Each structure stands twice: as C-alpha cells, then as structure tokens.
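I have placed the structure first, in the form of structure tokens, so that the comments after it can refer back to it.
Laboratory data are not the source of any read-out in this text; all were calculated from the coordinates shown. Remember, predicted model here, so these are calculated numbers, not experimental data. Note that we place each Cβ from the backbone using ideal geometry, even for glycine, and neighbour counts take in every protein chain shown.
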Amino acid sequence: MVPLPSQPSPSLVVDAPLPEQLAMGLVVLRYRAENLRIVPVYGPAALDVSPRIGHIHVTVDDAAWHWADGSGEPLIIQSLPAGPHKVWVGLADPTHKILDEKNVNFVVPVQSGHH
C-alpha cells in the first residue's frame, strides 16, 4: 500500500456544456478527477484506500442544497429555464471534505418553437 501523503493532490476538471446541447435545453457536464477515483464509497475507513477515492457534490444556481454523486458519469441537468446559470462541482473525499472545486457558468437559450 502506498502511504497517502505521498500521493499527488487531487484535482477536478469540468468541461463547459456544448452549445448544441444547451440549445435543446440540455446541460451535460463532463468531468474528471485527477489523482482520485470517483466511486460511491463513503465513510472514514475509505480514507485509507489507495489510490485515493472520492465523489462529487453538485449545486445548481447557489441552491441551499446539493447532491452527491459517485458514478463518475457526466452530469445531466434538464428543465432549467432560459437564462444564465451556474453549477458548482466540488471534489470530495469519502467523508465529504471538499478537496477541489469548479464553477461552470453558462446560458440556456430561449427555446424556439418546434415546427
């Protein structure tokens, strides 16, 4: 087992949503963690796992609540009203301590009528 202090610090990369998807009212955020594996394992005992594991926390438009996700799959958000939005993504260890964070700002365009 590799001692945890010798591991590089984890970091989070979040890609901006694609304009084509935003035009359909669909927000797809692809992300990846560096120096940490995203898995749905939680609790203090998981801090001793090597290589390091964790999950993400997600907040939309500064809401008072967030959700946790350990799937490693892209985030898909639907039904946001037209206008500017912000998604905060936090990279968390198994005890929910935030290790890195990113904000993604984007605009959902007004939907045109379907013909």
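Jot down the radius of gyration and Dmax of the range 4-108, Cα atoms only, both in angstrom.
14.5, 46
In percent, how large is the relative contact order of the range 38-98, given Cα pairs closer than 8 Å and 6 or more residues apart?
Result for the range 38-98 is 42 percent.
Once you compute Rg and the Kirkwood Rh from C-alpha atoms, what is the Rg to Rh ratio for the range 57-115?
So for the range 57-115, dividing Rg by the Kirkwood Rh gives 1.06.
Among the DSSP beta bridges whose two residues both lie in the range 4-108, what percent are antiparallel, rounded to the nearest 5?
95
Just to verify a number: FRET efficiency for Val28 and Ser112, C-beta to C-beta distance, R0 = 25 Å, to 0.05?
Taking R0 as 25 Å, the efficiency between Val28 and Ser112 is 0.80.
Determine the relative contact order of the chain: mean sequence separation of Cα pairs under 8 Å and six or more apart, normalised by residue count, in whole percent.
Once divided by the residue count of the chain, the mean separation gives 29 percent.
Give, in nm to one decimal, the length gained when the segment between Val39 and Trp67 is fully stretched (0.36 nm per residue of separation minus the Cα-Cα distance).
Stretched out fully, the Val39 to Trp67 stretch lengthens by 8.6 nm.
Pick out, from Gly43, Tyr31, Pro19, the residue whose Cα sits farthest towards the positive end of the charge dipole of the range 10-62, with +1 on the Cβ of Lys and Arg and -1 on the Cβ of Asp and Glu.
Of the options given, the answer is Gly43.
Evaluate the charge dipole of the chain about its Cα centre and quote only its size in Debye, nearest 20, assuming +1 on the Cβ of each Lys and Arg and -1 on the Cβ of each Asp and Glu.
100
At 222 nm, what value in deg cm²/dmol follows for the chain if DSSP H runs of at least 4 each add -39500 (n - 2.57) and the sum is divided by all its residues, to the nearest 500?
-1000 deg cm²/dmol
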